[in-house]
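First the structure, in the form of structure tokens, and then the observations on it.
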Amino acid sequence: MQTLEYPKVNETLYHETLPNGLQVYLLPKVGFQKTYATFSTRYGSIDNHFQVEGSEEVHVPDGIAHFLEHKMFEEPTGDIFATFASQGASSNAFTSFDRTAYLFSATEHIEANVETLLNFVQNPYFTDENVNKEKGIIGQEIKMYQDNPDWRVYFGLIETMYQQHPVHIDIAGTVESIGEITKETLYTCYRTFYHPSNMLLFVVGGFDAERLMRMIRDNQAKKTFPEQGEIFRFFNEEPLEVRSAKKVVKLPVSQPKCLFGFKEAPVGESGDALLRRELLTKLTLDILLNPSSELYQKLYDENLISDSFGHEYNSAPDYAFSIMGGDTRDPELLLSRIQEELNRVLESGIAAADFERTRKKRIGGFLRMLNSPEAIANEFTKFKFRDTDLFDVISTYESFTLDDVNQRMREHIQWPQLAVSIVANG
């Protein structure tokens, strides 16, 4: 078992790659009562066209990663949620663009719960009957989200940006696409992406690392997995241009919702370069748009934004985009004022005091995050799947200069790459 020391944040991480390829990371936290574990696969909603080394290319229906996540909780003996509950744990799962994670939170019976987590994820149970039953359940979920204004404005923006890349497809798919899912396609995806060599187990909280690692080794040694070749993922070439400049959806809302953002060319970066790009962009957006910024205060005083106004940046080697906005009384006036104010900052540049203050704030926010087992686990896995290290965040922030953020601001804010999504009352 490898010991990784991070003196800057006073953390000690334990790592082992098991013979079957599973990556295990344990982060014991002295004095913590809660333990949080995630068992994740590098498999998300965008992985609908792939090939395993030595096999044929496969196309699968949209939404299948999310569908598979749902089906994993069904066992021949019943619902796995009840097993976790009987062991004092709360369990859940989620599917994102590029990963699926199964998780639990508990203050007791940690080893039993980790074993339950490993066993149910590594024991798929799909039948024609339970697959067809799930189609109705997920179909209702899809229809429910179609009536959710926040979901519609968010995915509406991504749909407006992207023409070819599957990132613009709803994570749950469509009623039509999930109708094409069969037991056989689920097993194909499971065998491809749920091989231990494509997965990562991360446990953080109050436990003994040596004892827990022994249990995990023993658990995996009892199971047999076939050899797995490299997984190749295929994406159609995405043009730089946005699909359309604006999308407007009518729903019954008390106030319009407006999200906007900039689409970037595929970054083609991974590892430390991708981490640096992501953190630098988030820092730049925070300088421009955080509640203490001049731009935010002007828009707030003009009653164009509320405390729902926020921003985020999503990036991977093959896509990258920002999302900004929130509720507003006048979407068109908000967009006009945003463009006016951003152009002013593009011309004058970001002030040194704003840069230093916001950088310190983000470092402080990261240090506070290290008190949350849930946040640590979810962020660590996301970073590790992108060949980066969560605990390099502080040193990366410290390396940035004022010139870096001004250059990044001018790279990212390209008005021809702006897309807008609005949900208006109607």
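Worth pointing out:
- Under the condition of being more than 24 Å from the chain's Cα centre (by Cα) and either surrounded by 15 or more Cβ atoms within 10 Å (Cβ to Cβ) or at pLDDT below 95 (or both), the residues counted in the stretch 406-419 number 1.
- Selection status of residue 278, free of Cβ contacts under 8 Å to residues at least 40 places away in the same chain and part of a helix (DSSP H, G or I): yes
- Any hit, the stretch 388-396, residues being surrounded by 14 or more Cβ atoms within 10 Å (Cβ to Cβ), among the hydroxyl-bearing types (Ser, Thr, Tyr), over 26 Å from residue 42 (Cα atoms) and at pLDDT 95 or above: no
- Top-ranked residue in the stretch 285-322 [being under 15 Å from residue 264 (Cβ atoms) and charged (D, E, K, R); ranked as modelled with the lowest pLDDT]: 318
- Test: residue 62 is in contact with a strand residue (DSSP E or B) (Cβ under 7 Å, 6 or more places away or on another chain) and closer than 19 Å to residue 189 by Cβ: no
- The stretch 335-355, residues that are within 28 Å of the chain's Cα centre (by Cα) and either acidic (Asp, Glu) or farther than 28 Å from residue 399 by Cβ (or both): 335, 338
- Among residues of the stretch 73-95, those that are buried (at least 17 other Cβ atoms within 10 Å of the Cβ), under 26 Å from the mean Cα position of the chain (by Cα) and not aromatic (Phe, Trp, Tyr), counted: 6
- When 22, 18, 27, 68 are checked against the criterion of being farther than 25 Å from residue 191 by Cα and of a type in the set (A, V, I, L, M), a single residue qualifies: 27.
- Lone qualifier among 207, 202, 193, 126 - being of a type outside the set (A, V, I, L, M) and closer than 16 Å to residue 63 by Cα: 193
- In the condition set (1) in the same structural domain as residue 129 (by TED's automatic domain parsing); (2) modelled with pLDDT of 95 or more; (3) touching a strand residue (DSSP E or B) at 6+ places or on another chain (Cβ under 6 Å), residue 229 is compliant with all but (2).
- In this entry, residue 134 passes the filter for residues that are charged (D, E, K, R) and modelled with pLDDT under 95.
- Scanning the stretch 10-34 for residues that are at pLDDT below 95 and of a type in the set (A, V, I, L, M) yields a count of 1.
- Residue within the stretch 119-138 that is assigned to a strand (DSSP E or B), crowded, with 19+ Cβ neighbours inside 10 Å and either free of Cβ contacts under 8 Å to residues at least 40 places away in the same chain or touching a strand residue (DSSP E or B) at 6+ places or on another chain (Cβ under 7 Å) (or both) present: no
- Unmet criterion (only one of (1) surrounded by 22 or more Cβ atoms within 10 Å (Cβ to Cβ); (2) in a loop (DSSP other than H, G, I, E, B)) for residue 288: (2)
- Test: residue in the stretch 297-307 that is free of Cβ contacts under 8 Å to residues at least 60 places away in the same chain, out of contact with any strand residue (DSSP E or B) (no Cβ under 6 Å at 6 or more places or on another chain), among the aliphatic types (A, V, I, L, M) and in a helix (DSSP H, G or I): yes
- Across the stretch 252-272, the qualifying residues are those that are hydrophobic (A, V, I, L, M, F, W, C) and at pLDDT below 95, and the one among them that is farthest from residue 416 (Cα to Cα) is 253.
- Of the candidates 379, 356, the single residue that is of a type outside the set (S, T, N, Q), surrounded by fewer than 18 Cβ atoms within 10 Å (Cβ to Cβ), in the same structural domain as residue 267 (by TED's automatic domain parsing) and under 30 Å from residue 232 (Cβ atoms) is 379.
The values are calculated or read from the model by the stated rules, or taken from the named source; none is laboratory data. Since this is a predicted model, take the numbers as computed values, not measurements. No Cβ is skipped: glycine too gets one built from the backbone with ideal geometry, and neighbour counts run over all protein chains shown.
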